[in-house]
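The values are calculated or read from the model by the stated rules, or taken from the named source; none is laboratory data. Predicted model, so just to flag it, every value in this text is computed and none were measured. Positions of Cβ are backbone-derived with ideal geometry, glycine not excepted, and every protein chain shown enters the neighbour counts. To get the accessible areas, we keep the full protein, side chains included, count just its heavy atoms, and leave off ligands, DNA and RNA. Shrake-Rupley method; radii C 1.70, N 1.55, O 1.52, S 1.80 Å.
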Amino acid sequence: MGVSSTPAPAHCDVWWAAPALASPALLELLDDAERARHARFRLPADRDRYAVAHALARLLCAGAADCDPREVTFLLHCGHCDRPEPHGKPRPAGPAAGWEISITHSGERVGVAVSRGPAVGLDVERIAERDLDGLVSYALTERERAVLDAAADHERAPGFFTYWSRKEALLKATGQGLSGGLTSVEVSGPHEAAAVLSWRGPAAPERVWLTDLDAGGDYRAALAVLADGPVTVAVHDASALLRSPHGRPGPRPFAH
Ligand SMILES: CC(C)(COP(=O)(O)OP(=O)(O)OC[C@H]1O[C@@H](n2cnc3c(N)ncnc32)[C@H](O)[C@@H]1OP(=O)(O)O)[C@@H](O)C(=O)NCCC(=O)NCCS
Ligand SMILES: [Zn+2]
């Protein structure tokens, strides 16, 4: 028995994959509702991102719970609307109950974050060189806008998506999603270490830890964990796991 009452620092594993890894073997891992949703996507790229993300989430939860990926269930919770189809933040249930995940996909990136305990939010965004004016007023607070307005032209889009990924990672960690309002939370500027400056509203969490992740030059990514920091983060490439989803990947995919 330990004598210290200091809790162990939180830990989060982040796995990245490419949508090109989509395969019939991965589709077999999905449940009926996931397969139905998969079939409804019109664009093959959306289908592939969805299949890889959901197969990966199942494989990681199965590795954590030591069960078959098809035994994992996800409860979806939306606290905002009464749309009959289940949607919202996925929470592992069944054998993987007690684990927390967050799924994200954009362009050529699919990411899944997994933690034992504290809620997590992961967001990746491909930097799009487009007219950002409408998005800026939708997503940024006055102070954040002022920082972006002072940036050089070529820094505007990367800076905006740094803001967006940080704020959306936070709103995904609490489960509010965009309905929580991107302007309810204010974060540090793109050239500063990721930090929450303020968070308004009843859903603002007591504890939160935020970091940027490197997802390649054309992307911005962030991870939020509802825990006191510092949180240890281990980043992994999921390619081998997705190429042989039925193989036992030697040592368990992550330590816990
Ligand atoms: C879903 C959302 C949180 C993230 O969207 P995004 O940046 O476009 O997409 P990402 O790839 O980063 O994240 C999508 C994943 O977030 C997860 N997610 C969905 N709602 C979530 C929520 N409220 N909180 C946390 N995670 C959520 C899902 O796993 C989803 O993956 P899936 O679509 O493959 O099942 C955001 O778009 C949102 O809040 N949308 C709600 C708008 C809406 O449909 N409102 C009506 C119903 S309330
Ligand atoms: Zn809803």
task = Could you please find all residues in the range 151-174 being of a type outside the set (Asp, Glu) and under 11 Å from the mean Cα position of the chain (by Cα)?
result = Ser165, Arg166, Ala169, Leu170, Leu171, Lys172, Ala173
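On the basis of being within 16 Å of ligand 1 (Cβ to nearest atom), farther than 16 Å from Cys12 by Cβ and either in contact (Cβ under 8 Å) with a residue 40 or more places away in the chain or open to solvent by 60 Å² or more (accessible area, probe 1.4 Å) (or both), does Arg220 make the cut? So that I can check it myself, show each step before the final result.
Numbers: within 16 Å of ligand 1 (Cβ to nearest atom): yes; farther than 16 Å from Cys12 by Cβ: yes; either in contact (Cβ under 8 Å) with a residue 40 or more places away in the chain or open to solvent by 60 Å² or more (accessible area, probe 1.4 Å) (or both): yes.
Yes: the conditions hold for Arg220.
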note = The correct count of residues that are surrounded by 21 or more Cβ atoms within 10 Å (Cβ to Cβ) and charged (D, E, K, R) in the range 46-72 is 3
query = Could you say which residue among Ala55, Ala39, Ala18, Ala62 is within 24 Å of Val124 (Cα to Cα), of a type in the set (A, V, I, L, M, F, W, C), within 12 Å of ligand 1 (Cβ to nearest atom) and not assigned by TED's automatic domain parsing to the domain that holds Lys172?
reply = Ala55
query = Which of the residues that make up the range 114-154 are open to solvent by 10 Å² or more (accessible area, probe 1.4 Å), in contact with a strand residue (DSSP E or B) (Cβ under 6 Å, 6 or more places away or on another chain) and among the β-branched types (Val, Ile, Thr)?
reply = Thr141
Evaluation of Pro9 against (1) outside any helix (DSSP H, G or I); (2) surrounded by fewer than 16 Cβ atoms within 10 Å (Cβ to Cβ); (3) within 16 Å of ligand 2 (Cβ to nearest atom) (one fails), failing number = (3)
ask   = Among the numbered criteria (1) open to solvent by 10 Å² or more (accessible area, probe 1.4 Å); (2) assigned by TED's automatic domain parsing to the domain that holds Glu186, which single criterion is violated by Lys167?
value = (1)
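Within the group Gly111, Gly88, Gly107, which residue is under 30 Å from Ala157 (Cβ atoms) and surrounded by 20 or more Cβ atoms within 10 Å (Cβ to Cβ)?
Result of the check over Gly111, Gly88, Gly107: Gly111.
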task = Would you mind finding the one in Leu43, Leu75 that is open to solvent by 30 Å² or more (accessible area, probe 1.4 Å), free of Cβ contacts under 8 Å to residues at least 24 places away in the same chain, out of contact with any Asp or Glu (no Cβ under 8 Å at 6 or more places or on another chain) and within 16 Å of ligand 2 (Cβ to nearest atom)?
result = Leu75
remark   = When Thr104 is run through (1) near ligand 1 (Cβ under 9 Å from one of its atoms); (2) free of Cβ contacts under 8 Å to residues at least 12 places away in the same chain; (3) of a type in the set (Ser, Thr, Tyr), the failure sits at (2)
message = Kindly evaluate Val52 against the criterion of being assigned to a strand (DSSP E or B) and either within 22 Å of Arg109 (Cα to Cα) or among the aromatic types (Phe, Trp, Tyr) (or both).
response = no
remark   = The one condition Ala215 fails out of (1) open to solvent by 20 Å² or more (accessible area, probe 1.4 Å); (2) outside any strand (DSSP E or B) is (1)
